[in-house]
Amino acid sequence: MNMTAEAPHTVLIIEDSNVQSKIIRKQIQALTQFDTLIAHSMQEAETLLRDNGQQIFIAVIDLNLPDAPDGEAVDLCLAWKVPSIVLTATFNDDIRRRFIERRVVDYFFKGSIQDMDPMVASLERVFKNQFITALVVDDSRTQRAQIKKLLEVQRFRVLEAGDGVEALAVFEQNPHTRLVITDYQMPNMDGIELVRELRGRHKMDRVAIIGVSSVGSGPLTAQFLKNGSNDFLTKPFEVEEFYWRVNHNMDVLDMICDLKSCMETLETR
């Protein structure tokens, strides 16, 4: 991972257990180049945010702290505009829904070192997303705003367009855009036509495209995929599914780019 001097790359771990905080730190340091800070209480976290806020790009938060027993540390970090991953030793659907609605990046169970691997992968993805421009295409302002908010939780830079024609113009003005999420039914140029146009100009190692529609039919999904879309989601979609589909597609795009780079390096030797 190439971390520039300007990019915040510190993970704030908020965990009252010394053992658990060391497990989290150990696995982050083993798998990434991120710096870490540890707070054992919400009060310590507030001090670290005040003193190091510019260096912190994400927080990993124990759900139950002695001075924040109901997830108040999440609200603290979000107030500082620091994305949050929640750790919990117990699970129920009310907790899941409550924190997803509060716009956390994700949540994971606490446990062994191996249980930490998906969490580390998630924070790595969020770090990379900071440098990725996404384009949301939908003729509904409300739908665009909803998808934009979800992408911003995952730290993408987000552009908008109201139809396919506008999307092509925005894309050409922002050539480093790597993710396009497009609705199907739109005036001037629908989503499938847009996918066809984009894929004719940019291969799958250049940009990931996800189609969305309230019409959840197999034939429509097939048409999106046949014309070059990487994925398809039916609205209304589950927020967690949206996050993981988007991030999975970006992971695949990264792997394709890395493989292509390795092949090019081998060919020049």
field: Hits in segment 90-114 (condition: over 19 Å from L12 (Cα atoms) and of a type in the set (G, A, S))
entry: S112
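Would you check if T142 is free of Cβ contacts under 8 Å to residues at least 12 places away in the same chain and either in a strand (DSSP E or B) or among the hydroxyl-bearing types (S, T, Y) (or both)? Give the steps one after another, and end with the answer.
Details: free of Cβ contacts under 8 Å to residues at least 12 places away in the same chain: yes; either in a strand (DSSP E or B) or among the hydroxyl-bearing types (S, T, Y) (or both): yes.
When the stated conditions are applied, T142 passes them.
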- prompt: Given (1) in contact (Cβ under 8 Å) with a residue 24 or more places away in the chain; (2) touching a strand residue (DSSP E or B) at 6+ places or on another chain (Cβ under 8 Å); (3) of a type outside the set (K, R), where does E152 come up short, assuming only one miss?
  reply: (1)
query: So which residues in segment 231-269 are polar (S, T, N, Q) and closer than 15 Å to E124 by Cα, if there are any at all?
result: N247, N249
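Conditions tested, residue by residue: (1) closer than 20 Å to K235 by Cβ; (2) surrounded by fewer than 22 Cβ atoms within 10 Å (Cβ to Cβ); (3) of a type in the set (A, V, I, L, M); (4) assigned by TED's automatic domain parsing to the domain that holds A59.
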residue	(1), (2), (3), (4)
Q146	yes, yes, no, no
V170	no, yes, yes, no
N174	no, yes, no, no
I192	yes, yes, yes, no
message: Please return the ranges of helices (runs of 4 or more DSSP H) entirely within segment 175-269 where 3 or more residues are among the aromatic types (F, W, Y).
response: 239-267
message: Out of everything in segment 38-60 that is touching a Lys or Arg at 6+ places or on another chain (Cβ under 9 Å) and without any contact (Cβ under 8 Å) to a residue 60 or more places away in the chain, what residue ends up being farthest from D115 (Cα to Cα)?
response: G53
- request: Looking at (1) in a strand (DSSP E or B); (2) assigned by TED's automatic domain parsing to the domain that holds Q27, find the lone condition where E160 falls short.
  value: (2)
statement: The residue that is surrounded by the fewest Cβ atoms within 10 Å (Cβ to Cβ), considering only those in segment 61-84 that are touching a residue at least 40 places away in the same chain (Cβ under 8 Å) and under 15 Å from the mean Cα position of the chain (by Cα), is V82
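The values are calculated or read from the model by the stated rules, or taken from the named source; none is laboratory data. These numbers were taken from a predicted model, which means no experiment stands behind them. Quick reminder, even Gly has a Cβ in these numbers, built from the backbone with ideal geometry, and neighbours come from all protein chains shown.
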